[in-house]
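The values are calculated or read from the model by the stated rules, or taken from the named source; none is laboratory data. This structure is a prediction, so every number in the text was calculated from the model and none was measured. Positions of Cβ are generated from backbone atoms using ideal geometry, with glycine treated the same way; all protein chains shown enter the neighbour counts. Each accessible area value is taken on the protein alone, full model and side chains, heavy atoms only, with ligands, DNA and RNA left out. Shrake-Rupley method; radii C 1.70, N 1.55, O 1.52, S 1.80 Å.
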Amino acid sequence: MSNAKNAAKAAFEPEKTLPADCDLGAEAFAHVGPDAERRDEIVRPSISYWRDAMRRLMQNKVAVACMVFLVVLVLFALIVPLVSPYTMSEQHLTHPNKPMFFRAEDGHLHVFGTDDLGRDLFMRLWLGTRTSLYIAVSVVVINLLIGVIYGALAGYFGGWIDNIMMRFIEIIIGIPYLIIVILLSMIMKSGVTSLIIAYAIVGWVGSARLTRGQVLSLRTQEFIIAAHALGSSPWRLITRHIVPNLLSVLIVNLTLAIPSAIFTEAFLSYIGMGVPLPHPSLGNLAQEGTLRFMFYPQQLLLPAVVISLTMLSFNMLGDGLRDALDPRLRT
Amino acid sequence: MNAEKLLEVSALCKYFHVSGGTLKAVDDVSFDIFRGETFGLVGESGCGKSTLGRVLMGIYGATKGKILYGGAELNPNRPGARFRYAKKAQIIFQDPYASLDPRMTVGSIIAEGMIIHGMYDARRRTERVTELLEMVGLNREHANRFPHEFSGGQRQRIGIARALAIEPEFIVCDEPISALDVSIQSQIINLLHDLQERLNLTYLFIAHDLNVVKYISSRIGVMYLGHLVELASSEELYARTLHPYSNALLSAVPIPDPRAEREKRRTILTGDVPSPIHTPPGCPFASRCPSACGRCHAEKPDLREVTPGHLVACHLT
Ligand SMILES: Nc1ncnc2c1ncn2[C@@H]1O[C@H](COP(=O)(O)OP(=O)(O)O)[C@@H](O)[C@H]1O
Ligand code: SF4
Ligand SMILES: [Mg+2]
């Protein structure tokens, strides 16, 4: 190591340049690359595309950290409400608005303190996280299912069918999401289900457009025609060529759509159009927190931090997936 | 060259239904391809060469006309026919970047055809992939890489290996060198030439300039606006060009002698190519032909045999 450094340094010292009569003929240059006998050793192990993508994802420290964080978050959201000694609406009026790690005289420990009705915030926060994640994931999965089927049909058939299907999407895009939520809350009991339905009515258009574009361009790609020319059955064509090329785009899209769904839920609950109280969600917890932010900042900061970190993790995981699934970025 | 007909094409048409009407990409084309020869197909871009190649491959069904392959009629709509035909006829594409699945390793790209046709067991297939890679001038380390790690010329070699993997006898080379650097073009041409001799292949070699085709083809067909306008052996076409369009194509080929090049009479075409949706009633070339007369605009010339083996579609000859 230090030898190499010295050599590099020496090369830059003017007094140590090569003598003028130094003659370097062709014989002075020898091929020092790996020789033919060693070829077998340097052959990269044979791996499939998905294994290779997985390997590259695991090499990405940020993405792995995000995955670990999200797994921990999900576990907390699933387990804490089950094992907590409190229920979501159990009020302890003797000790409202208490700070974090508050232990009441009757022995109750409130890890994240209590709110103004003396409800345990630790329980409410994780139950809220569960609600928000549930809404976000179901919304995204429903949107993706509708969108992929719709978009794939439009892209596959093309022509006038595609034309009509796309005009329909443009109409839907023209309707503001809030109006649908408000209209739906008039005919349905407001709650988690109506929130998911409202979002699903408008939310699928993004993945439909994405899928249509992908299918349309894949259909005429020469590698698809080449596979067809080789005698591939439609089934093989779809599963081996179209789906892998489509799936990687959709996986990234799914990961990036979750944080925006979380944010939408939080926003709607914040303005009172979302999950009805007393059921907690990250949005209405933050909304309650703002009311008392001046005196008990942790009541706002805790849900805000969970929202931010969750969104950030999904976004960075999405970026990591995009890099891992694109063989052109392979290192 | 023996004169066994491998492929007989008669009155072949391929129309596409597009929003503006019917697009006649290939219109009433007839010719034969003999076993072991290279049939060159030239014409400017958009004249229907790729479409013709793909119809011959059975990728597109013909709108009208007949294709006989080895004496048997090719009908890609019959179940299983397309699959059996794929084993005999393969295609090499123009764009070496778009023609390889970016998410498959080179090894699996080459092995795919063998898997589809149930050729060999897994171990023998791996050996075959190595053999094929070496046959096209790559080596075994390349099998586990992804296409984007290669240059255009190397990718084209991978495409050739994929086509050869299922041991076809007929290969459509759809402008295999148009997207490559000039320095690489001759390497690929030489490779195709060597492979033809080793494996006794028949080629339909598509190009948009005559220069490339001259070197490799035994016979040449010139296409214009979906029509075959001239067909002759390579030497005959250069020695006695009859169709004004072939003349214009030939005059665009540079002569490697500066004096001759300077004195050469160049035919520079003016006018527009008619839309293949609204084809003119007369000769398709009439709008640009320097020798067009009244008859040319009214009446479509048929492809006639002028001298043995030399066919041309022009009223002047
Ligand atoms: N799948 C298709 N659908 C509609 N039109 C097509 C299709 N493929 C080719 N065409 C049209 O057919 C004509 C011939 O195209 P092509 O065979 O690709 O020409 P070339 O290979 O000679 O450049 C063009 O006008 C092109 O726009
Ligand atoms: S038929 Fe007439 S227009 Fe057509 S190529 Fe001959 S001379 Fe030109
Ligand atoms: Mg073409």
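Give the residue that is farthest from the other protein chains (Cβ to nearest Cβ), with candidates limited to residues of the range B:87-101 that are open to solvent by less than 10 Å² (accessible area, probe 1.4 Å) and within 12 Å of A:ILE225 (Cα to Cα). Ranking the candidates gives B:ILE92 first. Only residues that are at pLDDT 85 or above and open to solvent by 30 Å² or more (accessible area, probe 1.4 Å) were counted across the range B:76-86, and they come to 2. Checking each residue in the range A:178-211 for being open to solvent by 30 Å² or more (accessible area, probe 1.4 Å), touching a residue at least 40 places away in the same chain (Cβ under 8 Å) and in a helix (DSSP H, G or I) picks out A:LEU178, A:ILE182, A:SER185, A:VAL192, A:TYR199, A:GLY206, A:ARG209, A:LEU210.
What pairs can you find where one residue is in the range B:1-20 and more than 28 Å from B:ILE277 (Cα to Cα), the other is open to solvent by less than 60 Å² (accessible area, probe 1.4 Å) and of a type in the set (S, T, N, Q), and their Cβ atoms are less than 6 Å apart, with a gap of 6+ or different chains? Qualifying pairs under 6 Å: B:LEU6/B:THR202. For the range B:11-63, name all the residues that are within 11 Å of ligand 3 (Cβ to nearest atom) and out of contact with any His (no Cβ under 8 Å at 6 or more places or on another chain). Scanning the range B:11-63 gives B:ALA25, B:LEU41, B:GLY46, B:CYS47, B:GLY48, B:SER50, B:THR51, B:LEU52, B:GLY53, B:ARG54.
Within the range B:35-65, being at pLDDT below 90 and of a type in the set (Lys, Arg) holds for one residue alone: B:LYS64.
Assess whether B:PHE16 counts as being closer than 30 Å to B:ASP272 by Cα, within 14 Å of chain A (Cβ to nearest Cβ), open to solvent by 40 Å² or more (accessible area, probe 1.4 Å) and not in a loop (DSSP other than H, G, I, E, B).
Numbers: closer than 30 Å to B:ASP272 by Cα: yes; within 14 Å of chain A (Cβ to nearest Cβ): yes; open to solvent by 40 Å² or more (accessible area, probe 1.4 Å): yes; not in a loop (DSSP other than H, G, I, E, B): yes.
Criteria met by B:PHE16.
Mind checking which helices (runs of 4 or more DSSP H) fall wholly inside the range A:212-331 and carry at least 2 residues that are within 14 Å of another protein chain (Cβ to nearest Cβ) and farther than 30 Å from B:HIS117 by Cβ? Quick ask: steps written out before the conclusion?
Working: elements: A:222-229, A:243-270, A:282-291, A:298-325.
Because the criterion is at least 2 residues that are within 14 Å of another protein chain (Cβ to nearest Cβ) and farther than 30 Å from B:HIS117 by Cβ, the helices (runs of 4 or more DSSP H) in the range A:212-331 that meet it are A:243-270, A:298-325.
The number of residues in the range B:26-47 being open to solvent by less than 10 Å² (accessible area, probe 1.4 Å) and near ligand 1 (Cβ under 8 Å from one of its atoms) comes to 3.
Count of the range B:272-317 residues, restricted to those that are within 11 Å of ligand 2 (Cβ to nearest atom), open to solvent by 50 Å² or more (accessible area, probe 1.4 Å) and within 17 Å of B:GLY46 (Cα to Cα), is 1. When we screen A:GLY206, A:GLY231 for residues that are under 21 Å from the mean Cα position of the chain (by Cα) and at pLDDT 85 or above, the only hit is A:GLY206.
Yes/no per residue for (1) within 16 Å of ligand 2 (Cβ to nearest atom); (2) under 18 Å from the mean Cα position of the chain (by Cα); (3) crowded, with 17+ Cβ neighbours inside 10 Å:
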residue: B:ARG54; (1), (2), (3): no, yes, yes
residue: B:LYS64; (1), (2), (3): no, no, no
residue: B:LEU74; (1), (2), (3): no, no, yes
residue: B:SER108; (1), (2), (3): no, no, yes
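Filtering B:VAL213, B:VAL222, B:VAL172, B:VAL229 for residues that are within 27 Å of B:GLU305 (Cα to Cα), in contact with a His (Cβ under 6 Å, 6 or more places away or on another chain) and not polar (S, T, N, Q) leaves a single hit, B:VAL229.
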